[in-house]
1. Quick one: angle between helix 157-167 and the longest Cα principal axis of the chain, in degrees between 0 and 90, rounded to 10, please.
2. Over segment 42-179, what relative contact order in percent results from Cα pairs under 8 Å that are six or more residues apart?
3. Report the full-extension gain for the segment GLU27 to ASP83: residue separation times 0.36 nm, less the Cα-Cα distance, to one decimal in nm.
4. In which sequence would THR176, THR117 go, from the one with the fewest C-beta neighbours within 10 Å to the one with the most?
5. Would you work out which of ILE49, ASN138, GLY116 lies farthest towards the positive end of the dipole of the chain, given +1 charges on the beta-carbon of Lys and Arg and -1 on that of Asp and Glu, about the Cα centre?
6. Relative to the longest principal Cα axis of the chain, at what angle does helix 122-139 sit, 0 to 90 degrees, rounded to 10?
7. Is there a quick way to get the dipole size of the chain? I mean about its Cα centre, with the Cβ of Lys and Arg at +1 and of Asp and Glu at -1; what is the value in debye to the nearest 20?
8. In nanometres, what is the gap between the two model label sites at PHE180 and ALA40, each 7 Å from Cα along Cα-to-Cβ?
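Please treat every number below as a calculation from the coordinates, not as lab data. Only a predicted model underlies this, so the values are computations on that prediction, with no experimental measurement involved. Please note: Cβ atoms are built from the backbone with ideal geometry, for glycine as well, and neighbour counts cover all protein chains shown.
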Amino acid sequence: MCFLCVNLTQRDKSLYHHTLFNKMGKEITYIKGDATKPDAKGCVIIAHICNDIGGWGKGFVLALSQRWKKPEDEFREWYKSQDNFKLGEVQFVEVEHNIWVANIIGQHKIVNGKDGTPPVRYEAIEAGLIKVGDFARNLNAIVHMPRIGCGLAGGKWNIVEPLIIKGISDKNIEVTVYDFE
């Protein structure tokens, strides 16, 4: 359990809410819930990680596709066109008024390499998050996401979290990270 949550009441623990403050920008807020159902006012960007081979069918994308078909359809079209479809790039898809999905290509293939290297590509996630931060700033949006890059991609949160701070939070943009319950 997080050292910040040790002295919380049972009610607060059930909400599982703690915040990481950084020195330059906004905070990252952690909650339990469903990142496809952001409880926020104003414009929201839901960021997640995609692979560079056009695969869509496991992990967080299943929840996205269950809620909206458009992110998957546009991702598949982007892959077919190969128009700037590469690691570090981002496709922004408006799914509802004031709700966008950011398809970040931050995973190389879908399985570990022969040497055991996981598919996550931190430099691509970093490049993508910078683009998400710029897009969010232009829209005056906030960003919601699951623990990107740490599921099927095999990444480590202690590496991804600073990339979120650098790419988004340090631009004074609110970020909410969801742990699915």
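1. Once rounded, one gets 80 degrees.
2. Reported relative contact order: 28 percent.
3. Value of the extension gain: 16.7 nm.
4. THR117, THR176
5. Checked the options; the winner is GLY116.
6. It works out to around 70 degrees.
7. On the way: 23 positive and 22 negative charges, 51 e Å.
For this selection, approximately 240 debye.
8. A separation of 1.9 nm, rounded to one decimal place.
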